[in-house]
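The values are calculated or read from the model by the stated rules, or taken from the named source; none is laboratory data. Keep in mind that what you see is a predicted model, and the values were worked out from it rather than measured. Neighbour counts run over all protein chains shown; Cβ positions are idealised from the backbone, glycine included.
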Amino acid sequence: GAVVSQHPSRVICKSGTSVKIECRSLDFQATTMFWYRQFPKQSLMLMATSNEGSKATYEQGVEKDKFLINHASLTLSTLTVTSAHPEDSSFYICSATRTSQETQYFGPGTRLLVL
Amino acid sequence: QKEVEQDPGPLSVPEGAIVSLNCTYSNSAFQYFMWYRQYSRKGPELLMYTYSSGNKEDGRFTAQVDKSSKYISLFIRDSQPSDSATYLCAMSTGGGNKLTFGTGTQLKVEL
């Protein structure tokens, strides 16, 4: 299989706090991981691409200082939403690819609600 | 014009019907084509993966790619209520490049 997990599955936090979301590939080594956000009834919006041991590449319009990505190992990437505000409330999904493969395997998503 | 066009639906069919879902695209460099199924409040699940033109069958699902027309399709035979979900097409140029997604088609299979 190609299983990707995310933790937590949902989080509620106060405005101004930081939230960390973990993405793990459970049964394969992921050379590349991707982070997306998805608003209701919309498609996925790519936020950034991260390769193990390298700095993440952010899509245009995504603030790298607000959405900190760390890809410390071949099985773990983290997304930290710093100083979260209500407009950051969304569904955040990660995906991972195996070496030399094009398909992305997605995690179950993390629902973030900022009050 | 978007790089990938997909009818958002909703598409409602009776149980047992054959479902046809489609995407068109404009970038002739796309070589890898995928279909994902996404249930509400869940991450997308890979259904089918095709490289270049041709057909691929897996159980009740058949994926078709026509690169000359820049058109891809997913057929679902003997549709079931459990197939009710949003279906996303996705494609890439390869080399580990990012996926470009369609907007997704919402499918409802009714008893």
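Quick notes on this structure:
- Restricting the stretch B:84-99 to residues that are of a type in the set (S, T, N, Q) and either over 14 Å from A:Gln42 (Cα atoms) or in contact with a His (Cβ under 7 Å, 6 or more places away or on another chain) (or both), the residue that is nearest to the other protein chains (Cβ to nearest Cβ): B:Ser92
- Within the stretch A:1-30, the residues that satisfy the criterion of being within 12 Å of chain B (Cβ to nearest Cβ) and buried (at least 18 other Cβ atoms within 10 Å of the Cβ) are A:Val4, A:Gln6, A:Cys23, A:Ala30.
- Residues that are at pLDDT 95 or above and of a type in the set (Phe, Trp, Tyr), drawn from the stretch B:33-83: B:Phe33, B:Trp35, B:Tyr36, B:Tyr39, B:Phe61, B:Tyr71, B:Phe75
- If you go through the stretch B:6-46 and keep only what is farther than 19 Å from A:Cys94 by Cβ and in contact with a Gly (Cβ under 7 Å, 6 or more places away or on another chain), you end up with B:Gln6, B:Pro8, B:Cys23, B:Gln31, B:Tyr32.
- Test: B:Thr62 is in a strand (DSSP E or B), more than 14 Å from chain A (Cβ to nearest Cβ) and in contact with a strand residue (DSSP E or B) (Cβ under 7 Å, 6 or more places away or on another chain): yes
- Filter pass, B:Phe75 being in a loop (DSSP other than H, G, I, E, B), of a type in the set (Phe, Trp, Tyr) and surrounded by 15 or more Cβ atoms within 10 Å (Cβ to Cβ): no
- The residues of the stretch B:90-111 that are within 16 Å of B:Ile72 (Cα to Cα) and either out of contact with any Phe, Trp or Tyr (no Cβ under 6 Å at 6 or more places or on another chain) or not in a strand (DSSP E or B) (or both), listed by number, are B:Thr93, B:Leu99, B:Thr100, B:Phe101, B:Gly102, B:Thr103, B:Gly104.
- Residue selection: A:Thr49 satisfies the criterion of being in a strand (DSSP E or B) and either closer than 25 Å to A:Ser83 by Cβ or of a type in the set (Gly, Ala, Ser) (or both).
- Restricting attention to the stretch B:41-58, the residues that are surrounded by fewer than 20 Cβ atoms within 10 Å (Cβ to Cβ), without any contact (Cβ under 8 Å) to a residue 12 or more places away in the chain and not in a strand (DSSP E or B) total 2.
- Out of B:Thr93, B:Thr103, sole residue that is within 30 Å of A:Arg10 (Cβ to Cβ), at pLDDT below 95, among the β-branched types (Val, Ile, Thr) and surrounded by fewer than 21 Cβ atoms within 10 Å (Cβ to Cβ): B:Thr103
- Selection of the stretch A:1-18 for residues being part of a strand (DSSP E or B) and closer than 28 Å to B:Gly96 by Cβ yields A:Val4, A:Ser5, A:Gln6, A:His7.
- Restricting attention to the stretch A:53-76, the residues being farther than 13 Å from A:Trp35 by Cα and touching a residue at least 12 places away in the same chain (Cβ under 8 Å) number 8.
- In the stretch A:60-74, the residues that are in a loop (DSSP other than H, G, I, E, B) and out of contact with any Asp or Glu (no Cβ under 9 Å at 6 or more places or on another chain): A:Gln60, A:Gly61, A:Val62, A:Glu63, A:Lys64, A:Asp65
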